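Working notes, beginning with the structure itself.
The values are calculated or read from the model by the stated rules, or taken from the named source; none is laboratory data. Please read all numbers here as calculations on a predicted model, not as lab measurements. Positions of Cβ are backbone-derived with ideal geometry, glycine not excepted, and every protein chain shown enters the neighbour counts.
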Amino acid sequence: MEKVKLGRTSIKVSKLGFGTGTAHPSGCCSQALMDKKEMAELLLYAFEHGVNFWDTAFQYGTHRHIREALRHVRRQDVVIATKLVSSHEKETEKMFSTSLKELGVEYVDVCLMHGLRTKRELSYKQGALNELLKYKKAGKVRAVGLSSHGLSALKAAAEVPEIDLVWARINFAGLCMDSDRMGLYDQLASVSCLKKLAKVILPKNLTAALRPKIDTDSLSETNRREVEETLKVIHSKTKGVVGMKVLAEGHLQEKTDESIRYVRNLPFIDSFLIGMTSRDEITKNCRSLDSG
C-alpha cells in the first residue's frame with residue numbers, strides 16, 4: 001500500500017489508517033468491546049495488507065488491544081496515534097503516562113488534543129499543548145496536533161505554528177463533518193469547565209437526541225466546501241491532514257468505493273482513517289483504495 005508523509009513531519013503512514021473508535025449503540029467503541037486477541041488479529045491482518053497506521057484515543061478503551069498486536073510486530077514498523085481530552089498540564093501528564101503504560105510503549109508517533117470544537121476551546125487547552133510539546137522535545141512524541149469536531153477549531157489550528165497535524169472529518173456527502181452548528185450537548189462540551197457538568201445533568205439517551213442527526217442533517221454544499229478550503233489552507237502551511245468519518249459513521253457504507261475514491265484524490269488529505277471490525281471490512285476497504 002502507498003505510504004505518505006504527514007505534512008512536515010518525517011512520519012510515513014499508509015494511505016488508509018485503522019481507526020479503533022467506531023461508535024456503538026452502547027456508548028462504547030465497537031473495537032473496545034471486542035476480545036483483545038480478536039482485535040489484535042484484525043490489526044495484524046490489516047498490517048499484512050499494508051496498513052501501518054493505527055489510531056486510538058484515551059477515551060476509546062483500545063490501547064490494550066493495540067498493545068496485544070504490538071507483541072507481534074516491530075514497534076518502528078507501526079505508526080501509533082492517540083488522543084487526550086485533557087486541558088491542563090497535570091491532567092495531560094497523567095493521561096499521557098497512562099496511555100504509554102496501556103500501550104506498553106516508550107513513545108507514540110502522534111498525540112493529539114481530542115475532539116476540539118471551537119477556537120475558544122483550543123485557547124483553553126494551551127496547557128495541554130505545552131505539555132505535549134515537552135514530550136515531543138523529550139522524544140516521547142514525534143508530532144502533536146488536534147482532532148477537530150468543529151470548523152472554528154479547524155480554522156484556529158491553521159494559525160498555531162506548533163501544531164504539526166490535524167485530524168478532520170471529511171466525506172463527499174457532508175455527513176458528520178465539522179461545522180459551527182452544534183447541538184446543546186456539544187455547545188456545553190466546547191466549554192471545558194462544563195464538560196463534567198454536562199455529563200452529569202444530561203443522560204446518554206438525551207445527549208444523543210440533542211446531537212445533530214448526521215444521516216439527515218448534512219452540511220450544505222457551500223459549508224462542505226468551506227471545510228475543504230480550510231483544510232487546503234492548513235495543508236499549505238505544511239501541516240499534515242488526516243481524514244476521519246470518511247464513511248460517516250457507517251451511513252455511507254453502501255458507497256464505500258465512491259467514498260474512498262473521493263477522499264484519496266483530495267490533494268490536501270495525506271491519509272484517512274476508517275474504523276474496521278472485521279476482515280471483510282479490511283479487505284473491502286483495501287481493495288477500494290487500490291482500485292481508486
Find all pairs meeting these conditions: Cβ atoms under 8 angstrom apart; at least six residues apart or on different chains; first residue within the range 88-116 and under 18 Å from Arg75 (Cα atoms); second residue of a type in the set (Lys, Arg) and assigned to a strand (DSSP E or B). Tyr107/Arg142; Val108/Arg142; Asp109/Arg142; Val110/Arg142; Cys111/Lys83
Failed condition for Val241, given (1) farther than 25 Å from Gly17 by Cα; (2) buried (at least 19 other Cβ atoms within 10 Å of the Cβ); (3) at pLDDT 95 or above, with all others met? (1)
Being in contact (Cβ under 8 Å) with a residue 60 or more places away in the chain, surrounded by 15 or more Cβ atoms within 10 Å (Cβ to Cβ) and part of a helix (DSSP H, G or I) is the filter here, so list the residues in the range 267-289 that pass it. Ile282, Asn285, Cys286, Leu289
Among the residues in the range 64-74, are any farther than 21 Å from Leu122 by Cα and either touching a residue at least 60 places away in the same chain (Cβ under 8 Å) or β-branched (Val, Ile, Thr) (or both)? yes
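Every residue, every condition in (1) of a type in the set (Val, Ile, Thr); (2) surrounded by 15 or more Cβ atoms within 10 Å (Cβ to Cβ); (3) modelled with pLDDT of 90 or more, yes or no:
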site	(1), (2), (3)
Ala189	no, yes, no
Leu194	no, no, no
Lys204	no, no, no
Asp215	no, no, no
Thr222	yes, no, yes
Glu226	no, yes, yes
Tyr262	no, yes, yes
In the range 105-124, the residues that are under 24 Å from Cys176 (Cα atoms) and touching a helix residue (DSSP H, G or I) at 6+ places or on another chain (Cβ under 7 Å): Cys111, Met113, Leu116, Arg117, Thr118, Lys119, Glu121, Leu122
